[in-house]
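Presented below is the structure to which this report refers.
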Amino acid sequence: MRHGWSVGTHFTPIRFNDGKAIVKAALKTEDGTFEIAEVERPILPDSNFVLARVRVAGICGTDLRHWKKHEPELACHIMGHELAGEVVEVGEAVENVKPGDRVVIETVMGDGVCDYCRIQRYNICEHLYDVRTKYVSRAYGEYVAGPASKFYKLPDHVSFEEASLIDTFSVSLHAQHLSGLTINDKVAVIGAGPIGLAQLMLAKTSGADVIIVDMVDSALDLARGIGADAVVNGDSEDAVARVMEFTNGRGADIVFECAGGDSMPQTLPQATKMVRRGGKVVIVCGFDDGETSIPLEWQRIQMSEIQLIPSASFAFREIYPEQGEVLELISRGKLDVKPMITHHFQLDEINEAFDVAQDKQRTGAVFVAISI
């Protein structure tokens, strides 16, 4: 039973070729940019799947790590994993959403059968990347299909732009859950990109005192405006000394490393020097692919019982889906994510959007939204 076109007046007309629906998407090129092309619209492979028309997608730091990077293996792939849209078709077993519903789509999706998926830790499924990119991690295309459990209905007052940030905040919420953060904790955040700013906002919402470090003044200005107790420009100030001053010489209870990527050989050792004895360093954004050697003062870390906690995407906290928790926080007004949305582009402008997002020192970009 297929319900696809009861809201057809809301959508761009679909062109058909040999009986197959043809839609638009931004495809990755070998040189790491994008080209706009026509592709086949996804179909529903099972009765519990949902097809949605993507309305807004975001640019994540993970996406930027692949920007203008020669990766022939990604050529012709549809990328992107922060998205919101409207349901256009549902399988006969779907009960949680219907055609016409505005939704945010979770893109962390495992194989559903491994030991980790069975206990709702699908974020560490060994087949995560292959499965999610086949179905839900295709934000830079007009349509996406996935299991109904990955589709969360949006309240009318939550915009598509706000909803496209839910993935970002879910990553940070998962990291906070792993950290055990509690009221009055002294917290340091390294990196004031979308993940770091989300980490800041969640920690403040939970009653912590937060100092945040970055090298982009516009990002630090925004951090101050959304609640940071102190900000540090790591390019011109001694960040470790500032954190020690902020914590009366003890060090932070928790340090969230939210810069990741190429900066990790500098920021991870820095994080271990900011944290107090017995404290925790949570690795949120992490490394690029491949092996990375980072010298650490292992004896001091061991003798101080400093915990290094890797955090990977998000899934569930006990019985609660973390993406659903973030949606509730936003819809109830406990998180105001709108100040983080700094730029808007159309899908046809995706290469310009990535350039702006990459050059944040010049553009002041934080979260760049793309209308699909």
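Each value in this text was obtained by applying a stated rule to the coordinates, not by laboratory testing. All figures in this text were calculated on a predicted structure; none of them were measured in a lab. In this analysis, Cβ positions are derived from the backbone assuming ideal geometry, glycine residues included, and neighbour counts consider all displayed protein chains.
Annotation: the antiparallel percentage among DSSP beta bridges lying fully within the chain is about 55. Of the trypsin sites (Lys or Arg not before Pro) in the range 83-188, the ones in a loop by DSSP (not H, G, I, E or B) with at most 16 other beta carbons within 10 Å are ARG121.
Before anything else, pin down the relative contact order of the range 23-174: Cα pairs under 8 Å, at least 6 apart, normalised by residue count, whole percent. Write out the running numbers ahead of the final one.
Working: 334 pairs, mean separation 44.9, N = 152.
Relative contact order here is 30 percent.
Seen against the Cα atoms of the chain and their longest principal axis, helix 322-331 is set at about 90 degrees. Rounded, prolate or oblate, given the Cα gyration tensor of the range 179-336, with a/c below 1.5 counting as rounded? In terms of gyration-tensor shape, rounded. The angle between the Cα long axis of helix 166-179 and the longest principal axis of the Cα atoms of the chain comes to about 40 degrees, rounded to the nearest 10. Peptides 195-207, 231-243 ranked from most to least packed by the mean count of surrounding Cβ atoms within 10 Å: 195-207, 231-243. According to the Kirkwood relation over distinct C-alpha pairs, the hydrodynamic radius of the range 144-193 is 13.8 Å. Taken over the C-alpha atoms, the range 252-372 has Rg and Dmax values of 18.1, 54 angstrom. Computed over all pairs of different Cα atoms, the Kirkwood value for the hydrodynamic radius of the range 150-269 is 14.8 Å. With viscosity 1.306 mPa s and temperature 10 °C, the Kirkwood radius over alpha carbon pairs of the chain converts through Stokes-Einstein to a diffusion coefficient of 75 µm²/s.
GNM remark for the chain: springs join alpha carbons under 10 Å apart, and the peak mean-square fluctuation among GLU257, GLU349, GLU86 falls on GLU349. Indicate the gyration tensor shape class of the range 302-365 (rounded, prolate or oblate), computed on the Cα atoms with a ≥ b ≥ c the square roots of the eigenvalues: a/c under 1.5 is rounded; otherwise a/b larger than b/c is prolate and the rest oblate. It comes out oblate by the Cα gyration axes. Summary value for the chain: 16 percent relative contact order, contacts being C-alpha pairs under 8 angstrom separated by 6+ residues. Across the range 93-154, the mean sequence separation of Cα contacts (distance under 8 Å, 6 or more residues apart), normalised by length, yields a relative contact order of 44 percent. Within the listed set ALA84, ALA188, ALA353, the Gaussian network model of the chain (springs between alpha-carbon atoms below 10 Å) gives the highest mean-square fluctuation for ALA353. Dividing the helix sum by the residues of the chain, where each DSSP H run of 4 or more adds -39500 (n - 2.57), gives a mean residue ellipticity at 222 nm of -7500 deg cm²/dmol.
How much length is gained on full extension from GLU237 to ASP111, taking 0.36 nm per residue of separation minus their Cα-Cα distance? Intermediate results must be reported in sequence, preceding the final value.
Values: separation 126, 0.36 × 126 = 45.36 nm, distance 4.59 nm.
Result for the pair: 40.8 nm of gain on full extension.
Computed extension length for ARG250-ALA93: 51.0 nm, one decimal, from 0.36 nm per residue of separation with the Cα-Cα distance subtracted.
Placing a label point 7 Å from the Cα of GLU318 along the Cα-to-Cβ direction, the residues of the range 326-354 whose backbone N falls under 16 Å from that point are 326. The H on the amide N of ILE22, modeled in the peptide plane, is under 5 Å from the matching H of ARG15, PHE16, ASN17, ARG41, each at least 5 residues off or on a different chain. When only alpha carbons of the range 42-129 are considered, Rg and Dmax amount to 15.3, 43 Å. The HN-Hα couplings worked out from phi for the range 358-372 by the Karplus form 6.51 cos²θ - 1.76 cosθ + 1.60 (θ = phi - 60°) are 6, 9, 5, 5, 8, 8, x, 5, 10, 10, 9, 9, 10, 7, 9 Hz, whole numbers, x standing for Gly and Pro.
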